[in-house]
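First the structure, in the form of structure tokens, and then the observations on it.
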């Protein structure tokens, strides 16, 4: 007993992979090795390392940018389009009153609410807590509401928010600072985190997912210059640029769309991980499924169809735009298809070894989830709170690897073959049908 | 049978079934008449000015029985509704007999009334108005009038108020309603200038920020296909609508575009808003009123109630007795002093037993009240004290916490009523005040022959 080898202590399936050798390991787990490990471990850690190395100079640059921001003290328009958001408005105005950056106007557009929102909004406007409250009797969709707010904005920068979010005291200051780093930055995305992560398992898993894809994922893509989506919940835009691109187009997925429009007009998009916004994630899987179907459909609608010109070698061709969309489409759409091919490959070619492959696969993803979580830990400014989520990281393989993949596949199928996003009640039919006919 | 009699004094009377009605075309014709001898009047002029003077002369006559006499309008002439409401109808002189029944009814009712013993002007007007309503069995229903400051003219009562006193008129009617002499039925609300109570107001929308009325409304256009939303003027191009974002033509509302809202812009301060404010300019005094500053008053018809009728036939009052400088407790202090002085003299003669008592208490809490509340309190405490006194006792008050009582023909052994006052008043005050237990101080003095008034009121 005293001379038990390491092999004896490990489960049989692990021993199996030690015995068969690396070559077969790579052959069987090619999907993991080629795509997942390289992209989410190697690249993330390289960027994290560079990020750490450049931390000091970045801090200095930011300090100068902050100084410039406060010496210019630009007038900013905070716009919040929404429907039936009245119940959130008072809290939101209180949260914004706490901001360290104060030179802003608050414009709220009520997009045909059928609850008490108009009464609440008008009252808050009379009390001076909202600078302009615009009520649309007829619902026109989020894009039109945002465009209406944009039309009446007087600020040099537009900060677009969702009504049900709350913000760190320095969130607006932080989201504006990058504009003073580089003149070519046209828009800045804020960091969205889940506020209600204690509500349910569903919310906890999303909290981890947001940390991975939003917080860390966007630091990496932003660093690589391929950052492709500014969340509708929290983003800042240069008014002159947003005017020149004609504001928002019809959604769902308008936040990703406007980011691409900014990129196409030659501006850089920056992710600001320190500008923190907390949002409520769906706490039930049913609601989450609906939300994800909508988000995933928009990848096909906007990134594969509407903005396909980015992939064409024409006069406006730009490598970073190409990579930005291509990475997005590749890692979501292509890899999704490839994953199913991978499954078939394993089932047909390694039927006999499935009892070693399946547990190994889960082990790999399990380990990868925790390794990724470590990178989140490195980047995060809320480490203590987020420790609470660590035990749930073990479920992420099932959540992202299985649940979200199935939802995504369904969404792609529906959108690719049936253009179902145009039927989504999220946007009114009257404009969706027009957008569909116009191929937008 | 119609009798038209032309007198030497140029007055014209119609005598029908024993009732004499005077045809009047100018106020001077009334001044030369014994109005009490007449049974009514017929306005015989087409001059609105003369008619107004005559109506006012009759209806505001100091003798109520003259003021309430039937007053008709000769059907030959057209008088405005503001004048008609103060009269008893339009008569055709050729068929005057058919109106006599009405004259008889009114006359009978007028004669059943006592002369009012009221002195206060407002109460007198109230009384006269109730009497007018009673003698005509009439609901006082106002008519709209451009000439009135408040836009409404009331029958009879309006004649007692100048145009700028219309709000006082409404207040007086409201008081009569509160006393239940008149019942009120709402017909309208009026809004009056905060400064002059005028009703001739011009309402305009204004900028909520700078109050300027130079504002413009813009319809918003929402272009469905590209989600562009902007004022309609942004879309206008060569008589058509073209989207400034996607250059497409907007042809069909509901299919290509819609108009979800309206937004105003201020030409003075460039403020943009959706809910304009509202200002009303008084055309009489040029005051700008915000809507919430306007005085809102209720306009309605008034009808006499049973309590109103009782007021008219109350033998004691002949209307409501107006008491000026209402006495405190029972009688005022000066009169009380005279009575006490008299009582001292009486005691000298009769050697009787009378007692003078002084009831006092101290309260820091009540001391803080305003003089009006103190007066009300004084009355209330006076009533309490009185309730324990005999009819022959006399009460007077110096202030809310100092009362004098004269107890004639009362021996010192018969003062249990003062003990009752002591106990109950102390309890009443302690129950109602948060202060510690209230101590009532009662000083008793048997009136002696050697006393004089300074003994009690130093």
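Observations
- For residue B:72, the conditions (1) under 21 Å from residue B:41 (Cβ atoms); (2) in a loop (DSSP other than H, G, I, E, B) are fulfilled apart from (2).
Residue by residue, here is whether (1) outside any loop (DSSP other than H, G, I, E, B); (2) exposed (fewer than 15 other Cβ atoms within 10 Å of the Cβ) holds:
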| site | (1), (2) |
| --- | --- |
| B:337 | yes, no |
| B:347 | yes, no |
| B:359 | yes, no |
| B:365 | yes, yes |
| B:373 | yes, yes |
| B:378 | yes, no |
| B:382 | yes, no |
| B:390 | no, yes |
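- Meets criteria (touching a strand residue (DSSP E or B) at 6+ places or on another chain (Cβ under 8 Å) and either under 18 Å from residue A:210 (Cβ atoms) or not in a helix (DSSP H, G or I) (or both)) for residue A:381: yes
- Checking A:318, A:361, A:280 one by one, the residue that is buried (at least 16 other Cβ atoms within 10 Å of the Cβ), within 23 Å of the chain's Cα centre (by Cα) and on the phi < 0 side of the Ramachandran plot is A:280 and no other.
- Residues being closer than 21 Å to residue B:141 by Cβ, part of a helix (DSSP H, G or I) and without any contact (Cβ under 8 Å) to a residue 24 or more places away in the chain - total across the stretch B:85-104: 0
- Filtered residue count, the stretch A:124-143, keeping only those that are assigned to a helix (DSSP H, G or I) and either within 11 Å of chain B (Cβ to nearest Cβ) or crowded, with 22+ Cβ neighbours inside 10 Å (or both): 4
- Of all residues in the stretch A:92-108, those being touching a helix residue (DSSP H, G or I) at 6+ places or on another chain (Cβ under 7 Å) and either farther than 16 Å from residue A:234 by Cα or assigned to a helix (DSSP H, G or I) (or both) number 2.
Results for (1) within 14 Å of chain A (Cβ to nearest Cβ); (2) surrounded by 15 or more Cβ atoms within 10 Å (Cβ to Cβ); (3) free of Cβ contacts under 8 Å to residues at least 24 places away in the same chain; (4) in contact with a strand residue (DSSP E or B) (Cβ under 7 Å, 6 or more places away or on another chain), shown as yes or no for each residue.
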residue: B:171; (1), (2), (3), (4): no, no, yes, no
residue: B:193; (1), (2), (3), (4): no, yes, no, yes
residue: B:215; (1), (2), (3), (4): no, yes, no, yes
residue: B:232; (1), (2), (3), (4): yes, yes, no, yes
residue: B:239; (1), (2), (3), (4): no, no, yes, no
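- Some residue of the stretch A:264-272 being under 27 Å from residue B:229 (Cα atoms) and assigned to a strand (DSSP E or B): yes
- In the stretch A:73-91, of all residues being more than 24 Å from the chain's Cα centre (by Cα) and under 21 Å from residue A:239 (Cβ atoms), the one that is nearest to the other protein chains (Cβ to nearest Cβ) corresponds to A:75.
- For the stretch B:29-46, the set of residues classified as surrounded by 14 or more Cβ atoms within 10 Å (Cβ to Cβ) and over 19 Å from residue B:107 (Cβ atoms) consists of B:29, B:44, B:45, listed by residue number.
- Of the strands (runs of 3 or more DSSP E) lying entirely inside the stretch B:156-245, those containing at least 1 residues that are under 17 Å from the mean Cα position of the chain (by Cα) span B:182-192.
- In the set B:226, B:210, only one residue is surrounded by 22 or more Cβ atoms within 10 Å (Cβ to Cβ) and either within 14 Å of another protein chain (Cβ to nearest Cβ) or touching a strand residue (DSSP E or B) at 6+ places or on another chain (Cβ under 7 Å) (or both); that residue is B:226.
- If you go through the stretch A:74-84 and keep only what is within 11 Å of residue A:142 (Cβ to Cβ) and in a loop (DSSP other than H, G, I, E, B), you end up with just A:83.
- Scope the stretch B:120-140; condition under 16 Å from the mean Cα position of the chain (by Cα) and exposed (fewer than 15 other Cβ atoms within 10 Å of the Cβ); matching residues: B:120, B:121
- Any hit, the stretch B:261-282, residues being within 11 Å of another protein chain (Cβ to nearest Cβ), part of a loop (DSSP other than H, G, I, E, B), within 28 Å of residue A:253 (Cβ to Cβ) and touching a residue at least 12 places away in the same chain (Cβ under 8 Å): yes
- Within the stretch B:283-311, the residues that satisfy the criterion of being within 30 Å of residue B:218 (Cβ to Cβ) and in a strand (DSSP E or B) are B:288, B:289, B:290.
- Being modelled with pLDDT of 95 or more, within 14 Å of chain B (Cβ to nearest Cβ), in contact with a helix residue (DSSP H, G or I) (Cβ under 9 Å, 6 or more places away or on another chain) and not in a loop (DSSP other than H, G, I, E, B) is a property that residue A:187 lacks.
- The stretch A:335-348 residues that are more than 14 Å from residue A:28 (Cα to Cα), paired with ones that are surrounded by 11 or more Cβ atoms within 10 Å (Cβ to Cβ) and at pLDDT 90 or above (beta carbon under 6 Å, 6 or more apart): A:336/A:408; A:336/A:409
- Residue that is farthest from residue A:256 (Cα to Cα), among those in the stretch A:273-294 that are touching a residue at least 60 places away in the same chain (Cβ under 8 Å) and assigned to a helix (DSSP H, G or I): A:285
- Residue check for residue A:407: assigned to a helix (DSSP H, G or I) and more than 14 Å from chain B (Cβ to nearest Cβ): yes
- Candidates A:394, A:421 - the one that is touching a helix residue (DSSP H, G or I) at 6+ places or on another chain (Cβ under 7 Å), more than 14 Å from chain B (Cβ to nearest Cβ) and surrounded by 18 or more Cβ atoms within 10 Å (Cβ to Cβ): A:421
- Test: residue in the stretch A:211-228 that is in contact (Cβ under 8 Å) with a residue 24 or more places away in the chain, farther than 15 Å from residue A:78 by Cα and within 14 Å of another protein chain (Cβ to nearest Cβ): no
- Filter pass, residue A:353 being under 30 Å from residue B:222 (Cα atoms) and touching a helix residue (DSSP H, G or I) at 6+ places or on another chain (Cβ under 8 Å): no
- Residue in the stretch A:424-435 that is nearest to the other protein chains (Cβ to nearest Cβ), counting only those that are more than 20 Å from residue B:253 (Cβ to Cβ) and surrounded by fewer than 17 Cβ atoms within 10 Å (Cβ to Cβ): A:426
- Taken together, A:286, A:290, A:297 contain a single residue that is surrounded by fewer than 19 Cβ atoms within 10 Å (Cβ to Cβ), closer than 18 Å to residue A:255 by Cα and either assigned by TED's automatic domain parsing to the domain that holds residue A:225 or out of contact with any strand residue (DSSP E or B) (no Cβ under 9 Å at 6 or more places or on another chain) (or both), which is A:290.
The values are calculated or read from the model by the stated rules, or taken from the named source; none is laboratory data. None of the values given here were measured: they were computed from a predicted structure. Glycine gets a Cβ as well: all are built from the backbone with ideal geometry, and neighbour counts include every protein chain shown.
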